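Just so it is clear, none of the values below were taken in a lab; they were calculated from the coordinates. Since the structure is predicted, the reported quantities are computational estimates derived from the model, not experimental observations. Backbone-built Cβ (ideal geometry, glycine too); neighbour counts: all protein chains shown.
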Amino acid sequence: MAFTIKVNGNTHSVDVDGDTPLLWVLRDVLGMTGTKFGCGMALCGACTVHIDGVATRSCITSGESIDKSQITTIEAIGATAAGAKIQKAWLDREVVQCGYCQSGQIMSASALLAGNLHPTDPEIDDAMSGNICRCGTYVRIREAIKQAAKSMAQGD
Ligand code: FES
Ligand code: FES
């Protein structure tokens, strides 16, 4: 079936089965491969995107269910205030190891920061608990989120 979706400010017409996961619409139809496939069952967070600002697992979200919602992916998160701070902090803290999980980590962290400039450790843990990192970068992720939050709060 044909439908339109809005991704990173652009409207795209796609023609796929309605139940095709958004992850595959992004990667295979639109060629946006920054969003990663990990488990396909909402267990790892590698496929996280924002739908109207909410961190969402694209592997279990059907393309046709998006309707008029705005999708933001890792390719454009740096254009948002929170996303830019998160990406800078990720670089400053050298968070990334193999990198595979990091698109999803950054998307979840950006969603957290966009709604909470002073996240506590439990709030960080709660927001990031669905994002698995086999390289164990969790300590650096938490440090980077705190750095980004401090920078946002100070208006740097
Ligand atoms: S690929 Fe979607 S949560 Fe793992
Ligand atoms: S950096 Fe390797 S899985 Fe997270």
Share antiparallel - DSSP beta bridges, the chain, percent rounded to 5: 85 percent
Spacing of the two label points (7 Å from each Cα toward its C-beta) at residue 33 and residue 67, in nm: 3.4 nm
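With r as the distance between the Cβ atoms of residue 41 and residue 154 and R0 = 35 Å, compute the FRET efficiency 1/(1 + (r/R0)^6) and round to 0.05. Please list the in-between numbers first.
Details: r = 40 Å, r/R0 = 1.13.
Computed FRET efficiency for residue 154 and residue 41 comes out at 0.30.
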Virtual paramagnetic centre 7 Å along Cα→Cβ of residue 81, amide N under 17 Å, in segment 101-129: 110-119
For the chain, calculated [θ]222 nm from helices alone, where every DSSP H run of n ≥ 4 adds -39500 (n - 2.57): -10500 deg cm²/dmol
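Going by a ≥ b ≥ c, the root eigenvalues of the Cα gyration tensor, does segment 49-131 fall in the rounded group (a/c under 1.5), the prolate group (a/b larger than b/c) or the oblate group? Please report the intermediate quantities before stating the final value.
Working: a/c = 1.59, a/b = 1.48, b/c = 1.08.
Because a/c hits 1.5 or more and a/b exceeds b/c, segment 49-131 counts as prolate.
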Spatial separation of Cα centroids for segment 17-45 and segment 80-156, in angstrom: 22 Å
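What number in nm² do you get for segment 85-156 if you take the convex hull of its Cα atoms and divide its surface by four? Don't skip to the answer; put the middle values down first.
On the way: hull surface 16.4 nm².
Reported value for the Cα convex hull: 4.1 nm².
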Share of Cα-Cα pairs in segment 1-75 lying beyond 18 Å, as whole percent: 27 percent
Evaluated at q = 0.08, 0.11 Å⁻¹: base-10 log I(q)/I(0), Debye formula over Cα of the chain: -0.21, -0.40
Cα pair distances of segment 59-100 binned at 5 Å [whole percent]: 5, 17, 19, 20, 15, 13, 9, 2
